[in-house]
1. Does residue 52 meet the test of being closer than 20 Å to residue 165 by Cβ and surrounded by 18 or more Cβ atoms within 10 Å (Cβ to Cβ)?
2. Are any of the residues in the range 145-167 under 23 Å from residue 14 (Cα atoms), crowded, with 18+ Cβ neighbours inside 10 Å and among the β-branched types (Val, Ile, Thr)?
3. Considering every residue within the range 137-154, establish whether at least one is closer than 22 Å to residue 18 by Cβ, without any contact (Cβ under 8 Å) to a residue 24 or more places away in the chain, part of a loop (DSSP other than H, G, I, E, B) and not β-branched (Val, Ile, Thr).
4. Within the range 55-69, restricting attention to residues that are among the hydrophobic types (A, V, I, L, M, F, W, C), in contact (Cβ under 8 Å) with a residue 24 or more places away in the chain and surrounded by fewer than 17 Cβ atoms within 10 Å (Cβ to Cβ), which residue is nearest to residue 10 (Cα to Cα)?
5. From the list 98, 44, exactly one residue is surrounded by 15 or more Cβ atoms within 10 Å (Cβ to Cβ), aliphatic (A, V, I, L, M) and within 28 Å of residue 161 (Cα to Cα). Which is it?
6. Which one is farthest from residue 13 (Cα to Cα), of the residues in the range 24-38 that are of a type outside the set (A, V, I, L, M, F, W, C) and surrounded by 12 or more Cβ atoms within 10 Å (Cβ to Cβ)?
7. When you go through 179, 133 one by one, which is the residue that is at pLDDT below 95 and either closer than 28 Å to residue 19 by Cα or in a helix (DSSP H, G or I) (or both)?
Amino acid sequence: MAWLIVGLVLFLGAHSTRILAENWRSRTIGRIGAQRWKGGYTLVSLAGFGLLIWGFGQARMAPVVLWSPPHGMRHLTALLTLVAFILLAAANVPGNAVKARLQHPMVLAVKLWALAHLLANGNLAHVVLFGSFLVWAALNFRAARGRDQLASIVYPAGRTGATVITVLVGIAAWAGFAFWAHAAWIGVSPLE
């Protein structure tokens, strides 16, 4: 569990500078340059991601069960992750109405993904991993919306075609992950 926590601190810590220390981040980028900042950010993020994956795998080998979720939670989790994949697609397909309306769909995708996994998993490692991501996403979304308001950012209206593509890409990505990649990469089939 310790390596999972260290990985989360490094990964989410690197991704929290705009939430917790925007002024320090700006000063540091000004002092060392954007490329060096991005390089350090990438190294810390990759190290944290590797440690959290390894630590989570280790923690799963000796699970500490906190509760046993009802079997029906898997169905709700599948539905919530479908929406999360559509939100993730919305962050990457230009000109869609989802991004125009929600402004930060990738962070909302992380929030929904984490919540869905908390509902379907009741052991300590899952609570630590997904609970951490849920708290981070909630704080990040709030900070991002606050920055948008301060800067008076207005997102352009979305186009119907781009929105349809967003939904189709999200559904296709979800299907690939739910029916194949989750079991292949993580060792658990989410739909069984």
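The values are calculated or read from the model by the stated rules, or taken from the named source; none is laboratory data. All values reported here derive from a predicted model rather than from experimental measurement. FYI the Cβ positions are ideal-geometry reconstructions off the backbone, even for glycines, and counts take in every protein chain you see.
1. So residue 52 fails the test.
2. Scanning the range 145-167 turns up no residue that is under 23 Å from residue 14 (Cα atoms), crowded, with 18+ Cβ neighbours inside 10 Å and among the β-branched types (Val, Ile, Thr).
3. Within the range 137-154, one or more residues are closer than 22 Å to residue 18 by Cβ, without any contact (Cβ under 8 Å) to a residue 24 or more places away in the chain, part of a loop (DSSP other than H, G, I, E, B) and not β-branched (Val, Ile, Thr).
4. Selected residue: 64.
5. 98
6. Filtering the range 24-38 for residues that are of a type outside the set (A, V, I, L, M, F, W, C) and surrounded by 12 or more Cβ atoms within 10 Å (Cβ to Cβ), the one farthest from residue 13 (Cα to Cα) comes out as 36.
7. Values: 133 fails: at pLDDT below 95.
Result of the check over 179, 133: 179.
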